[in-house]
Amino acid sequence: MKPNFDEMSKAELKAYVLSHRDDDEALRVLFSRRNPPDSEATWYGPMCTPEGVPIEENIRIAEEAIRQRAEREHQKQREKELQKERELEERLRQKIEQEVEAKLRQKIEQERVSSGEDNMTTVTLEEIEQFRKQLGDYPEAIANLDVIEACEGDLEDAAYVLARRAGAEEVRFASNWLEQGLKQCRYAICGKELKDDSLPELLAAVKESLAASSQPFLVALETPVALYIAKVGVNNFCKSTDSALGRKKVTLRQNWAGGLKDYANQSTSLELQQKALEWRGD
């Protein structure tokens, strides 16, 4: 019993025809599925007469049609290649731009941290909202973010509030608890391969490090410490020699040097010291 050719897929019908080359019905059905169909196809006259004499005009027309089709196929192939080249160039351009932008951002952040041009201990309301989205599964961190927001984004103030809540005593020389927390977790953070965009992972590493401190209340500072490191950038934090809390470094001015040289031959050093004490008293 012959199969139903009309229900066969084109691939199945081709396979059947290849194995049943004498089945004219299968060939007819296969040819009827040509694309475009015969009704839309361009038909060319015979290349020669029944006697075998070449018909030059028909041959010329057929050759021209074949040439045009080859040109169209070549043009399609060329357009595909050009499209692939454009897509490759675009991907390379985007990659280069991203790498350049990342390097520029890193350089700018390093300059800001080292020069103190930007206060890295303050986060904006927009940044706080971004942190809320990233830490949505951490209720304790969300509560700490409320404290940070109440402190107008000042991480140092928030760290002080959280430390006092956790039982820290007011110690004059160590009242900057944010800096204490950063120093405590520096070695642990810089010993791991952490990414700046993985705040939950960074928060967990900070918490683990602070929990190992001899001062148990430091673990309460996990959120402001983690946010500071995330804002500065893990690489920048680890490259800095200290916590670099975004404060400008004050250097002693030396413009007073040589200011009394005009009096060198007029007074003794003892007389100058006495005069300096008088001026200081004034």
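It is to be established whether one or more residues within the stretch 44-63 are modelled with pLDDT under 85 and either of a type in the set (S, T, N, Q) or within 30 Å of residue 195 (Cβ to Cβ) (or both).
no
Before we move on, is residue 203 farther than 21 Å from residue 126 by Cβ, out of contact with any Leu (no Cβ under 6 Å at 6 or more places or on another chain), crowded, with 22+ Cβ neighbours inside 10 Å and modelled with pLDDT of 85 or more?
no
The values are calculated or read from the model by the stated rules, or taken from the named source; none is laboratory data. Remember, it's a predicted structure, so these values are computed and weren't measured experimentally. For neighbour counting, all protein chains shown are included, and Cβ atoms are generated from backbone atoms with ideal geometry for every residue, glycine included.
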